[in-house]
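Each remark here refers to the structure printed beneath this line.
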Amino acid sequence: MNTKPKNWVFSDPRLQKLRQEYGLYTEEDFKVWKILFERQMPNLPKAASKAYLQGVKEVGFTSDKIANFEELNEILKKSTGWAVQVVPGLIDDDLFFGLLNNRRFPSSTWLRKMEQLDYLEEPDMFHDAFAHMPMLTNQPYVDFLEKLSGIALKHIDNPWAIQLLSRIYWFTIEFGLIKEDGELKIYGAGILSSAGETKFSLSNEPKHYEYDVRRILNQEYWKDHFQDKYFVIDNYEQLYESLPEIEEVLEEMLASKK
């Protein structure tokens, strides 16, 4: 059981002196951002959730300017009270969930190279910024993210619990769909940053299920190819309201493992 104070992450040595050095971005970096932005953004007006599209406008992302975290944090502070925290790349679970539980979204600052436009093993700043950050302007969404991370911290020393909770995160924050006006729309960042999966996820090829906590907690996922099933919420409040059920089913599954 995690016993650290809620704000312990702010003094964690793994984060010290990390910041976005905006002036160090190269001509290639700006070109990569522009190509990726212009390749994906035209797909989203008909495919993405209203919350994401509104968020893009609110944070002011454009193809000609790499996301500036200092400016973005001012916007998010007024919107939902969140901020972006620079991290060196993939980080340990305790720090990842600790940041989210303190309303800080972890993001790298490096961008893929031209030869990496189509595939990356580790998410870069384009994925973190373009796909995740517009959704940080939606209050029910970030409230869910904060509280889900709080549940994870309670079980941070239990790898099985973290694996189960990662399934909730995966099928919502990364690969979630929502039904709006009778149509499937995307809010999951893993889809929003992928032109291929944007088209695939909304097609008739994969299976689409109603949001079901128990089913998700029992569902494994893929990291190296498109998902073969997606879970669909009715609204973002549904995510937040499902938190007690997540805790209840999680505890049940942990108890059965003993």
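Numerical summary
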quantity	calculated
Verdict on residue 66 being among the hydrophobic types (A, V, I, L, M, F, W, C), over 30 Å from residue 199 (Cβ atoms) and surrounded by 15 or more Cβ atoms within 10 Å (Cβ to Cβ)	no
Which numbered condition residue 2 misses (of (1) part of a loop (DSSP other than H, G, I, E, B); (2) at pLDDT 95 or above; (3) surrounded by 13 or more Cβ atoms within 10 Å (Cβ to Cβ); (4) not hydroxyl-bearing (Ser, Thr, Tyr))	(2)
Segment 84-104 residues that are more than 17 Å from residue 11 (Cβ to Cβ), paired with ones that are modelled with pLDDT under 95 and surrounded by 19 or more Cβ atoms within 10 Å (Cβ to Cβ) (beta carbon under 6 Å, 6 or more apart)	89/108
Matching residues in segment 53-72 - criterion: being within 21 Å of residue 29 (Cα to Cα) and in a helix (DSSP H, G or I)	56, 59, 69, 70, 71, 72
Within segment 149-239, strands (runs of 3 or more DSSP E) holding 1 or more residues that are of a type in the set (A, V, I, L, M, F, W, C), at pLDDT 95 or above and out of contact with any Cys (no Cβ under 9 Å at 6 or more places or on another chain)	177-180, 183-186, 229-233
Matching residues in segment 1-46 - criterion: being of a type in the set (Asp, Glu) and closer than 21 Å to residue 72 by Cα	21, 29, 38
Meets criteria (of a type outside the set (D, E, K, R), under 18 Å from residue 136 (Cβ atoms), within 20 Å of the chain's Cα centre (by Cα) and part of a helix (DSSP H, G or I)) for residue 76	yes
Test: residue in segment 81-104 that is basic (Lys, Arg), over 27 Å from residue 255 (Cβ atoms), under 15 Å from the mean Cα position of the chain (by Cα) and modelled with pLDDT of 95 or more	yes
Odd one out for residue 207, checked against (1) of a type outside the set (Asp, Glu); (2) over 16 Å from residue 191 (Cβ atoms); (3) in contact with a strand residue (DSSP E or B) (Cβ under 8 Å, 6 or more places away or on another chain)	(2)
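The values are calculated or read from the model by the stated rules, or taken from the named source; none is laboratory data. Note that the coordinates shown come from a computational prediction; the quantities given were computed from them, not determined experimentally. Glycine also receives a Cβ, built like all others from the backbone with ideal geometry; neighbour counts cover every protein chain displayed.
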